[in-house]
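Below is one structure; the comments refer to it alone.
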Amino acid sequence: MRFITLYNILLKKYGKQGWWPAETRLEVIVGAILTQNTAWRNVEKSINNLKKEKMIDLKKLAEAPEKRIAFLIKPAGFFNQKAKRLKKICKYLEENYVDLNAFFKKPTKTLRKELLALKGIGPETADSILLYAGNHLIFVVDAYTKRILERLGITEQENYEKIQEMFHEQLPRRLEVFKEFHALFVEHAKKYCKKKPLCSKCFLNKECEYFKGNI
DNA sequence: ACCCAGGTGGCCC
DNA sequence: GGGCCACATGGG
């Protein structure tokens, strides 16, 4: 049993997710920061507020008053710290690169370190930005992914990089697989893998024994 | 009235 | 390396 089997099961069940839902690279970056520990529907409201004000723009976000950004992204929660961090991140990118295309031309490992050095970007956010905004082949591990793998008996409490390695070792090196697999984990967790275990309702229930120790 | 959401940084040991 | 806390809105 390999991860690709789980991928195919989820893909068959939920279909193609078409992630990341955004029109531009910057919109992916903004969304990745806003969605930290936040429901996506609240992020959507914030993104729409920013779009109405034509604020999905590196220079504008870099120069706008923190208060104004905070006001616009209020629905996403943690708006004070997210506004501060978002502004700084945009300022950094704006001052150091001619555009985002130039930024994403650098090697994946270099970019990951560079992103992680910015306050407000941790491993999941960095990898989401790299994969979905930069088309770099790197797997995104989130709380849902960890939870699903634990419930399936595949992992227990491994750290981020360790879990990421497992995907990198096993998955075919295809952007579409990386992008869709993460999206499918999210989709599945929202429906069947809540914090309070309700595994009885999960269609993967019968697969658990199957996966256990076989990945 | 809780609990949870596509995390992160700071502080502690 | 981990464990705990603040950060904050909106939906179930």
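What follows is calculated from the coordinates using simple rules that are stated; it is not laboratory data. Bear in mind the structure is a predicted one, so any value in this text is a computation, not a measurement. Cβ coordinates were reconstructed from backbone atoms using ideal geometry, including for glycine residues, and neighbour counts include every protein chain displayed.
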Worksheet item: Fewest first, what order do A:ARG173, A:ARG112 take by the number of other Cβ atoms within 10 Å?
Response: A:ARG173, A:ARG112
Discussion item. Spelling out what I want: for every residue of the range A:103-120, take phi, set θ = phi - 60°, compute 6.51 cos²θ - 1.76 cosθ + 1.60 (Karplus), and round to whole Hz; glycine and proline get x.
Written reply: 4, 6, 6, 5, x, 3, 5, 4, 4, 4, 4, 4, 5, 5, 6, 7, 5, x
Discussion item. Sequence gap at least 6, Cα distance under 8 Å: using those rules, report the relative contact order of the range A:101-215 to the nearest whole percent.
Written reply: 26 percent
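What ranking of A:TRP40, A:TRP20 emerges when the number of other C-beta atoms within 10 Å of each C-beta is taken as an exposure proxy, fewest first?
On the way: A:TRP40 14, A:TRP20 19.
Neighbour counts put them in this order, fewest first: A:TRP40, A:TRP20.
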Practice prompt. Please give the peptides A:100-106, A:178-184 ranked by average Cβ packing (other Cβ atoms within 10 Å per residue), highest first, as a rough proxy for protection.
Written response: A:178-184, A:100-106
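Percent relative contact order of the range A:25-133, based on C-alpha pairs within less than 8 angstrom and at least six residues apart?
For the range A:25-133, the relative contact order is 32 percent.
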Worksheet, complete the sentence: Going from the fewest other Cβ atoms within 10 Å to the most, one would list A:ASP127, A:ASP57, A:ASP142, A:ASP99 as A:ASP99, A:ASP57, A:ASP142, A:ASP127
Worksheet, complete the sentence: Magnitude of the Cβ-charge dipole (Lys and Arg +1, Asp and Glu -1) of the range A:1-62 about the Cα centre, nearest 20 debye, reported as 160 debye
Worksheet item: Hey, which of these cross-link pairs are over 27 Å Cα-Cα: A:LYS16/A:LYS106; A:LYS13/A:LYS113; A:LYS60/A:LYS105?
Response: A:LYS16/A:LYS106; A:LYS13/A:LYS113
Practice prompt. Let me know the charge dipole size of chain A about its Cα centre in debye, to the nearest 20, where only the beta-carbon of Lys, Arg (+1) and Asp, Glu (-1) is charged.
Written response: 640 debye
Discussion item. Modelling each spin label as a point 7 Å along the Cα-to-Cβ direction, I'd like the A:CYS199/A:ASP57 distance in nm, to one decimal.
Written reply: 5.2 nm
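Return the ratio Rg/(2.2 N^0.38 Å) for the range A:25-133, where Rg is computed over Cα atoms only.
Working: Rg = 12.8 Å, N = 109, 2.2 N^0.38 = 13.1 Å.
That works out to 0.98 for the range A:25-133.
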Discussion item. Pairs of alpha-carbon atoms within less than 8 angstrom and 6+ residues apart define the contacts here; what relative contact order does chain A have, in percent?
Written reply: 24 percent
Worksheet, complete the sentence: If unit charges are put on Cβ atoms (+1 for Lys and Arg, -1 for Asp and Glu) and the dipole of chain A is taken about its Cα centre, the option from A:TYR7, A:GLN36, A:LEU152 lying farthest towards the positive end turns out to be A:GLN36
Discussion item. Per residue of the range A:24-36, what does 6.51 cos²θ - 1.76 cosθ + 1.60 with θ = phi - 60° give for ³J(HN,Hα)? Whole Hz please, x for Gly and Pro, Karplus curve as stated.
Written reply: 9, 4, 5, 5, 5, 4, 4, x, 5, 6, 5, 7, 4
Practice prompt. Work out Dmax and Rg for chain A from the C-alpha atoms and quote the Rg first, both in angstrom.
Written response: 18.0, 54
Practice prompt. Only residues of the range A:146-170 count here: report those whose backbone N is under 17 Å from the spot 7 Å along Cα→Cβ of A:ASN8, or say none.
Written response: A:170
Worksheet entry | Computed magnitude of the charge dipole of the range A:64-133 (debye, nearest 20; Cβ of K, R +1, Cβ of D, E -1) | 240 debye
Item to complete: Any chance you could check the Cα centroid distance between the range A:49-110 and the range A:1-36 for me, in angstrom?
Response: 22 Å
